[in-house]
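The block underneath contains the structure these notes are about, expressed in structure tokens.
The values are calculated or read from the model by the stated rules, or taken from the named source; none is laboratory data. Being a predicted model, the structure only gives us computed values, none of them experimental. Cβ: placed from backbone, ideal geometry, glycine included. Neighbour counts: every protein chain shown.
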Amino acid sequence: MITHTNAYERFRQVGIDQYDFCVLVSFAIPCLDKQIKPLSGTVAGKIPKSKYIKNDNITAEELRRRIGLAGDSIGKELLLSTFSYFEAYVADVLKEILDFHGGAERIAAMAKSHDIDSSGSCSAAAVESQKKLLDVKNPAKHQKYKKHLRVLRSEGYPLPSQRLSCFGWLSLASRLKSMKSRDIPDLLFDGLLYPLSQSDRDKFHTLRDKRNKIAHGELTRYPVGTAVTHGKFLRDLAVGIDKYLVENFLMIEYPSNEL
């Protein structure tokens, strides 16, 4: 039984790696601050060398300045990376769904096959109900229309609102090629019927706006605590999305003409 997607497992792992790095930095900064407290001028030979970025001429004063900026810098990097990971997760999980069903063309063909076969295999009663609904809407027949619709629904007859599913799968595959982060809520809510609340939709766009402002240098202060809270929102959102997609879309399916 599938419990989560491969896309989510990758998203989860990069989040763990990111957290591990932040923990390491959070411990390293106070240690460095303590080491340079009595120092002034160049720190070469007075503290351990930088392991990854060489700068033999850096001074204690410059390190203190950078330590003072570290909180906001870490906060900004956390939001930038977590949002990017989430954006990549959504694109990857949608591709995973298509691949699970053999690609967009195959799942679209299954949707088309279902509509065609369901239309042609209905009972005489369903055929009669379908004919009764081929009418100019008359308010006086409102209840009769509902009765005939219930007959069609009980037999799985594809109604007009359901007949674009084939086109919908092909459109999803096409949009994935140029998907933007602003498209994510609509793809989830309108395309896959994920129950995304208006509150979560608004919060997602708020974070997207902050991510963009950080990337363009317009937002220079972003506390670590705020970034952690916002990162948790994106991770929780991914957990809910993944559970929904596994239960509703990673289900083995064959064309109706092969059953």
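General observations
- Listed by first and then second residue, the pairs linking a residue in the range 232-259 that is over 19 Å from Y194 (Cα atoms) and outside any helix (DSSP H, G or I) to a residue that is small (G, A, S) and modelled with pLDDT under 95, with Cβ atoms under 8 Å apart and 6 or more places separating them unless they lie on different chains, are P255/A109; P255/S113.
- Matching residues in the range 198-217 - criterion: being surrounded by 15 or more Cβ atoms within 10 Å (Cβ to Cβ), over 16 Å from the mean Cα position of the chain (by Cα) and either hydrophobic (A, V, I, L, M, F, W, C) or not in a helix (DSSP H, G or I) (or both): I214
- Criterion: at negative phi and modelled with pLDDT of 90 or more - qualifying residue of S161, S165, S171: S171
- In the set (1) surrounded by fewer than 16 Cβ atoms within 10 Å (Cβ to Cβ); (2) part of a helix (DSSP H, G or I), the condition left unmet by K137 is number (2).
- Test for Y194: is it hydroxyl-bearing (S, T, Y), modelled with pLDDT of 95 or more, surrounded by 12 or more Cβ atoms within 10 Å (Cβ to Cβ) and assigned to a helix (DSSP H, G or I): no
- Every test in (1) surrounded by 16 or more Cβ atoms within 10 Å (Cβ to Cβ); (2) not in a helix (DSSP H, G or I) is passed by T220 save one, and that test is (1).
- First in the range 17-46 and at positive phi, second anywhere and surrounded by 14 or more Cβ atoms within 10 Å (Cβ to Cβ) and among the hydroxyl-bearing types (S, T, Y), Cβ under 6 Å, 6 or more apart: G41/T59
- Any hit, the range 98-118, residues being under 38 Å from the mean Cα position of the chain (by Cα) and of a type in the set (F, W, Y): yes
- Summed over the range 117-126, residues that are of a type outside the set (S, T, N, Q) and either in contact with an Asp or Glu (Cβ under 9 Å, 6 or more places away or on another chain) or surrounded by 14 or more Cβ atoms within 10 Å (Cβ to Cβ) (or both) total 4.
- Taken over the range 158-179, the criterion of being closer than 17 Å to E96 by Cβ and either in contact with a strand residue (DSSP E or B) (Cβ under 9 Å, 6 or more places away or on another chain) or surrounded by 14 or more Cβ atoms within 10 Å (Cβ to Cβ) (or both) is satisfied by W169, L172, A173, R175, L176, M179.
Yes/no matrix, rows are residues, columns are (1) of a type in the set (S, T, Y); (2) in contact with a Ser or Thr (Cβ under 6 Å, 6 or more places away or on another chain); (3) assigned to a helix (DSSP H, G or I); (4) within 23 Å of A173 (Cβ to Cβ):
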| position | (1), (2), (3), (4) |
| --- | --- |
| G68 | no, no, yes, no |
| D72 | no, no, yes, no |
| V90 | no, no, yes, yes |
| I107 | no, no, yes, yes |
| D115 | no, no, yes, yes |
| S118 | yes, no, yes, no |
| A125 | no, no, yes, no |
